[in-house]
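What follows is a single structure, written as structure tokens, with notes after it.
Computed from the coordinates by the stated procedures, all read-outs in this text should not be read as laboratory data. Everything quoted here is computed from the prediction, not taken from an experiment. Cβ: placed from backbone, ideal geometry, glycine included. Neighbour counts: every protein chain shown.
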Amino acid sequence: MPKAAKAPKPAKPARAPKPEKAPKQAKVPKAAKAAKSAKVPAPASVTSGAQVLAFPEPAHKRRRRHVWLGVAGVAVVLAIVMVVALYSPVLAVKTITFKGNKLVAEKTLQAALEPLLSKPLPQVTQGDVSELLAKVPQIKSSRLVAQPPSTLDIQVVERIPVALLKNGKDYLLVDQDGVQLGSTRNPSTVPLPQIDGGRAAIGRSTFSAMTAVLATLPQSVLGKLANATAKSPDAVQLQLTDGKTVIWGNASDMELKAQVLDALINAPVPTPVDGTPPPPPVRVYDVSAPRHPVTR
């Protein structure tokens with residue numbers, strides 16, 4: 001028998017077509033995103049029909065701003081001028097003059113201040129001058145006056161020698177503070193009273209007492225003194241060149257004592273009255289109590 005025909009296989013169901021992919025959205029620029037995300041302030045509510053007017057800046061604020069701008073401009077200009085003045089060679093020191101120096105030669109002072117030459121004038125200070133002149137013992141103090149563009153005027157105050165301090169064969173010129181201002185081997189050439197004791201005497205209380213007295217005396221009396229002695233600070237005595245003695249005492253009322261002593265030394269000799277003996281010559285002036293001086 002013929003074979004039966006095979007039944008046909010059932011057809012496979014057709015696959016459903018895949019859904020089309022949605023088109024990709026275009027990328028939004030970052031700036032657009034930022035603008036989109038930025039919060040927009042809500043407009044202020046205004047009455048219907050109202051107009052918003054822009055008022056000008058108040059006048060006082062404008063004036064204040066202009067003032068500050070002017071001040072800032074002036075400050076900048078001044079700063080530039082100061083920098084130029086501090087470092088400009090136009091203002092370099094070229095000339096130094098001195099006033100008040102009698103004991104010290106000007107060339108000595110010029111040599112002491114030579115480091116200031118060519119230095120800008122605005123940079124020179126009183127401290128610079130004082131430090132350099134400290135090397136000159138005869139100068140006690142100084143004052144600086146700048147004269148633009150390139151001159152320094154220096155006013156000096158010298159130490160005043162009040163005594164000759166005998167030191168071996170030499171005589172040292174010293175001032176009230178015991179500062180040595182010079183020396184000589186011929187004391188007759190210097191009209192100053194002598195003090196014994198040598199350098200060791202400087203700084204002692206008796207030395208300070210004697211020099212303080214000598215510094216108080218007027219030149220009319222100082223030129224007549226031969227020497228000064230002191231057994232203690234309260235017992236200062238002066239010897240005049242004519243052999244007379246001055247009992248000074250302590251350091252009280254020194255100015256008054258100096259005036260009284262000057263008057264006694266320079267007082268005219270009294271004329272004897274007819275028939276009376278002349279008064280004995282004065283050998284001692286005692287001004288230890290200046291309101292009641294005694295001569296004998």
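Show me the ranking of peptides 150-156, 264-270, 128-134 by mean Cβ neighbours inside 10 Å, starting with the highest.
Values: 150-156: 17.6, 264-270: 10.9, 128-134: 15.7.
Highest mean packing first, the order is 150-156, 128-134, 264-270.
When the alpha carbon coordinates of segment 91-158 are projected onto the principal axes, the ranges are 31, 17, 17 Å, largest first. Working ranking of peptides 219-225, 69-75, 206-212 by packing, defined as the average number of other Cβ atoms within 10 Å per residue, highest first, is 206-212, 219-225, 69-75. Under 1.5 on a/c is rounded, so check that first for segment 210-260, then, if it is not, pick prolate when a/b is larger than b/c and oblate when it is not; a ≥ b ≥ c are the square roots of the alpha carbon gyration tensor eigenvalues. Since a/c reaches 1.5 but b/c is at least a/b, the shape of segment 210-260 is classed as oblate.
Between residue 242 and residue 296, what is the FRET efficiency for a Förster distance of 22 Å, r being their Cβ-Cβ separation, to the nearest 0.05? Mind showing how you got there, number by number?
Working: r = 16 Å, r/R0 = 0.71.
In this case the efficiency is close to 0.90.
Ranked by the mean number of other Cβ atoms within 10 Å per residue, highest first, peptides 230-237, 88-95 order as 230-237, 88-95. Only beta bridges with both residues in segment 91-158 are counted; by DSSP, about 65 percent of them are antiparallel.
Among beta bridges from DSSP that stay inside segment 162-217, the antiparallel ones total about 80%.
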